[in-house]
Structure formats: C-alpha cells, structure tokens
Amino acid sequence: MKKCFTLTVFTLTITTFLTAQPQQDSLWSIWSDQSLADTSRLKAINRIIWDKVLFSRPDSATQLANLQFALAEEKANPRFMSTALNNRGISFAIQGLDSLALDSYKQGLQLATDNHDSTMMANITVNIGVIYSNQGDQVEALKNYESALAINQRIGNKSNVARCLLNIGTIYHKQTDYDQALDYYKRSLDIFGQQSLKRVQASILTNIGSIYTELEQYKKARENYEQSSELMAEINYAQGMGVNYANIGNTYTKEGALEKGMEYFEKSLEVETAIGKKAGIAETLEKMGYNLQLQGKYEEAQITLEKSLQTFTEIPDQYGIGSVHIQMGQGYREAGNYKKAIHHCKQGLVIQKELANEGRQKDACQCLYETYALRGDFENAFLYHKEMFAHYDSIKSDQTLNKIQAMEFEKQLIADSLFQAEKRHQLELAFQKEVAEKDKTQNFLLSGGFILILLAGGLFTRNRMVTKSRTQIRLEKDRSDELLLNILPEETAKELKAKGSAESKLIEETTVLFTDFVGFTEMSEMLSASELVKNINECFSAFDHIMEKHSIEKIKTIGDAYMAAGGLPTPNSTHVKDVVLAALEISNFMLHRGNERKEQGLPFFQIRIGVNTGPVVAGIVGVKKFQYDIWGDTVNTASRMESASESGKVNISESTYNQLKNETEFNFEHRGEIEAKGKGKVNMWYVTKA
C-alpha cells in the first residue's frame, strides 16, 4: 500500500510586488497601458504570471516571463530582470524542462548577485536546489539550500530561514538520516510557530510523524499526526486532516489495535468523501479492507476493497488498481476461495509488471505461490516461488544501492569540506593583506614619537590580532593542504596548487587492483545501514593502510568496490610486485577478520581480488569536486580479473603474471582461458605467497 504522507518542500519565489490587490481582469489592462509607470506594468504582469497561468499553463507563463524580461531589460531594471528569469525558470521546471530551468535560474542568480539583491539571490538559490533534489543530486541540492539559508539568516528573513531549514530536513529525510532530518524539521517548526503559520506547521508535523512511523515509534508518530490535525482543523484544511487520520489509523493497525485503526480510517473516509477527493477515498478504503482482513472479516473486507477498486478505476490510478487486486487475492486465499485468489493476484501482477513495481510484484507472486501450494498445484507453486525470490533479490539490491548512495552522500559532504576550507583560507589571505596595508599607512601617519607612545597600546593589540590571524591562516592552510592530499596524489596536488589545473598523463605501465565484497547483498539484509557502513569503513580503512605501506595510490571506492594502482603518478619499477603483495595482504586480512567475526557469531564479508598490468591515462576529474582517476583498457581488464576471481583468491592477468613468473616468493596456479565479459577467453592465474 502507498504511504499516506508526502514530504513538504518549499520553492522560494517572489510571488508579488503589489501592495494593492487590483481585480484580476484589470491586470492585463495595466500591463498593456504604456502610459503607466514601468514598475506598475512589471508588477501587473508578475501577478498575471502567478495568479493566472504559471501552474495551469506553464508554457504561457514562459512567454509572459519573456515579455516581462524584455521590458525590464529595456528599462535597465535588474530587479525585475532577475524576477523574470526566476519566473521563467519555475515555468520550465513545472514543464519538466530541468536543464532550461537551471539555465534561466543561473542567469537570474548572476543578475541578482551583480545587483546585490540578497532576497532574490536566496530565492533563486533555493529553486536551483529544488531542481537538483528532484534530479537526485542531494549533495548539490543541500549546498544550494545551505547557501540560501546563510543569505536569509544574514538579511534576517525568518520565514525564508524556516523554509530553508525545512528543505534541508527533507534532504536528510530522503537519505534516511532521521536524526538530522528531525533536527532541521523541529528548528523550522519553531520559527513557523512563532509566526503562527499553521498550514506550514501542520505539514512539518506530518513529516515528523512519517519519520517516527518509519522508525516504528508509533506513539510519537501519532502525537505529531494529531497535533498536525488540530492545526489543520483550525484553518479548515480538510484534505490534510483526511491524510492524517489515515496515517493515525495506519499506526494503530501496525500495532495490532485493529478496531482503533478502523475508527480513524472511518474518520478519514468521512473527510475525503465530504471534499470529494477520489484518490483519498480509494486509498482509505484499501486500508480499511486490509484492516478487516486482519480481523478475519473477509466478506466485509472484500466488499470494501471492491469499492476501493471501483474508485481507483474511475480516477484512473493503475498502481491503486493493481494494489487492490493483490490485496483482494490475499483475502480470498485466507478465506479459502483459491480460484478468486489466483484471478485477482494475476490481475495485480500484470499491472504491477507494467509499472515495474518490484515490491508489489513480489507480493503478487507470494500470493500465487501460497495459493497454488494450498491447492496442491506444486508445479505452479514452484514457478511463482522462483519468481517471488527474483523480485525479492531485486528489492534487496535496490535497498543496498540506497544504502550505498547514502554512504556516497556522506562522503561527498566530507569532500566538500576541502573546498570550504580553501574558501576560508582565501578570505583570511585577503584579510591579512588588508590589515598589512592598513598597518603601513597607520605606521606612516603615527611617526611622531608622542603620538606613537599614546597609541602603543592600540598598535600592540593590532599586532596581536595580526599574529593571531596569521597563525589561524597557517593552520587553515595546513588543514586545506592535508585535505587536498587525502583526495589527490602529492605530485598532482602540487601541480594543481601551482598552476590551478593538472594535465592528464599517459602512464605507460601501471598495475591496477580491484576488490569486491562477496555476499554484500546478503550482508546488507542482516545489518542496519549504520552497521553496514561501519563494516565497510573498517575494511576500507585497513585497505588504505595496506596501500600506504606498499606505496600504492588509492584511486576510489565505488559502493563496496575498492580500486587502487601502483606505479603512478610517478612511475616506478616495483609496482607489479607492490600491488600483488598488497592484494595478498588484503586477502589475508579479510580471512582473519572473517574467522574472528565467525567465532563471535557475527556476519562477515568475503572478498574477490583482481589485478592487471598495462598503460593507463591518469588525471583529475571535475572542476569543483576533484577526483584523481585512471582510464583505459588496463582498468577494464583489472575489473574483469576481479569479477572472474573467487572468494578469498587473488586473480591476475597474463601481463601481470609475465612480470612476476620468475619471482620465487610467489606460487602461481594457471586457470587456463576463462571467459571474461567483453574480452572473450583470456588466460588467468591465481597467485599466493610461496
């Protein structure tokens, strides 16, 4: 079943500049009257865009925004030029034209910045953040929200500070960082509470309730839903009340308090029916049907679900139709009507396949598997059991991917601290220069001995401040340099600092190592997100130390994969041996770690390792978030060596073997020609210490 809540995200915009409220019909006449003041005309077309067309006909809003921009440009009015570009960006965003929206927003932001228009800068920056968030780039979205937050805090715009805090909260909510999300939601709620903005307060409380629902803290969830409902009742926001009543009913149902849950579902249905919201009616009826099934009232449940199905069909809502079919199938199975159970579950499965919804497909297959098994049709039961687990594996893979994405999100936030440090460093340098210039001037003016004595105390204080500033600058610079060396090789970092850029280079021979955890999906099922991240971090930290010990350059991690290379950025003659020794040390570390965790009854990773030697191109990727990376067929082959390896083994290519075969400290096991994706059959060897 679908969740009842939605995350509230605010788009900050300039919606009106008019203090008076002219009738809508007069707005166009104001805009068309060229004898009126330009500002009045620009305000009028702004109202037309917002009140008449932006959300109903966004393509028309685009054209009107162009007219608004043309007049503002003709009259050299930068405020309204940036306003028009913002309006145009929003119209593009509503149409799903994200790249055009971003382009328009960025033009508007540049104008607002040049004009020192802080309010518009903050508003457009948030709108840019919304685009990035919708595109899934939560790190970039967060940076824009935080930038807008800083501007709004500086100019004292409390309402927009609260909205920025709310948007930041939604980012952390999406990343399932519930502690951070709750912190930002509550800070936002506090400000909106001071301003008595009840509609927004209610929405935030619903968001907070949804977090507690996900955390299975149902009592806290209900407290927030109930507070939200009270606020919505005060402002007669019936639609929100209906959603909250359904949310409360859902928490009671999850706790097993079925009659109490039904009580709230009935209240939700009453509200949704009164306002005529078919989607709300259908969803609430579906939840009521599920609740009745749990109570064992199968006949009443099916009647309720039939009503839900009919309403979803009228909308139409394919997800809802498919979901109700599956729910009905499960009910008929429990009631012993296997024929109808199979009919409805198959109907639901067909629809959910069209929608590519793995979760509901799994539910439909489970219903069919269990129903066929109860009928004694074990052949069909086996087929659907197999399909059920295929969907189950896919869901777990998606969950693992989400966890990995959350990890990458945290890593990128940490990496961004480098650039913030560099910014602070540049500001401190500018301040130091300014202080030095002032000191020269002041020392010249105060050359008279008597005046110098009188002001000695002041100069001493200034010198202390300058000394302290210089110390702080040095510390900040050291920290910036240290962060830079954590991301880039020393040679490349020096080139970047000296020239502002670093050229890509062909390295004629390097040895590339890939590792990948075996059974990562299974581990993710047994561990929480924090435990999974902790385990990966412990392993990767150990790998980092091993790389440092053997003078190997760590390139990057990709989810649960680890990549490193020897012989770069400065070529050396020992890279092949260095990398293979490091690979064997990693294998040995993972073996001992696995044995320890096994004795403790804890899950553990196993690992595959692949190594290949050859030429690569190496250089920096990105202009803001630098990353040292390598490319070429050598890299691809190293990856194939890893995927063709086995748990606990180090698999090397022919090129690596040829350079090591005379080394007496290694033993080699020729595997013959093994099929490698995209490579055909290639020779491979397992390597161990002699």
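Of all the Cα-Cα pairs you can form in the range 539-632, what percent are over 22 Å apart?
Percent of Cα pairs beyond 22 Å in the range 539-632: 34.
Order by neighbour count: 656, 273, 637, fewest other Cβ atoms within 10 Å first, most last. Intermediate values should be presented prior to the final figure.
Numbers: 656 29, 273 14, 637 25.
Ordered from fewest to most neighbouring Cβ atoms within 10 Å, 656, 273, 637 come out as 273, 637, 656.
Sorted from fewest to most neighbouring beta carbons within 10 Å, what does the list 216, 370 look like?
Numbers: 216 10, 370 20.
Lowest count first: 216, 370.
What spacing in nm lies between the two simple spin-label points modelled at residue 670 and residue 114, each 7 Å away from Cα in the Cβ direction?
Output for this residue pair reads 7.1 nm.
Determine, for each peptide in 44-52, 546-554, the mean count of other beta carbons within 10 angstrom over its residues, then list the peptides with the highest first.
Output ranking for 44-52, 546-554: 44-52, 546-554.
Go ahead and run the numbers for FRET between residue 255 and residue 533, Cβ-Cβ distance against an R0 of 35 Å, rounding to 0.05.
0.70
Mind jotting down a quarter of the surface of the convex hull over the alpha carbons of the range 189-316, in square nanometres, one decimal?
On the way: hull surface 31.1 nm².
Computed as one quarter of the Cα hull surface, the answer is 7.8 nm².
What Kirkwood Rh does the range 517-579 have if only Cα atoms enter the pairwise 1/r average? Answer in Å.
13.1 Å
Starting from the Kirkwood radius over alpha-carbon pairs of the range 162-261, derive D by Stokes-Einstein at 25 °C in a medium of 0.890 mPa s and give it in µm² s⁻¹.
The diffusion coefficient I find is 182 µm²/s.
For the ranges 81-88, 171-178, what's the packing order if you count other beta-carbon atoms within 10 Å of each residue, average per peptide, and put the highest first?
Top of the packing list down: 81-88, 171-178.
Kirkwood Rh over Cα pairs of the range 33-131 into Stokes-Einstein at 20 °C, 1.002 mPa s: D in µm²/s?
Result for D is 163 µm²/s.
I need two numbers for the range 504-689: Rg to one decimal and Dmax as a whole number, Cα atoms only, in Å.
16.3, 48
Per the Debye formula with a single identical scatterer at each Cα and no solvent contribution, what log10 I(q)/I(0) holds for the range 242-351 at q = 0.17 Å⁻¹?
-0.74
Where in the range 203-219 does the amide nitrogen come within less than 18 Å of the point 7 Å from the Cα of residue 234, taken along Cα to Cβ?
Under cut-off, by backbone N: 203-209.
Can you put 139, 687 in order, fewest other beta carbons within 10 Å first? Please report the intermediate quantities before stating the final value.
On the way: 139 18, 687 24.
Listed from fewest to most nearby Cβ atoms, that is 139, 687.
What FRET efficiency comes out for residue 591 versus residue 76 if R0 is 56 angstrom and r is the Cβ-Cβ distance? Round to the nearest 0.05. Spell out each step's value before the answer.
On the way: r = 73 Å, r/R0 = 1.30.
Calculated value: 0.15.
A short reminder: the numbers here are calculations on the coordinates, not readings from a lab. Values in this document were obtained by computation on a predicted structure and should not be read as measured data. Please note: Cβ atoms are built from the backbone with ideal geometry, for glycine as well, and neighbour counts cover all protein chains shown.
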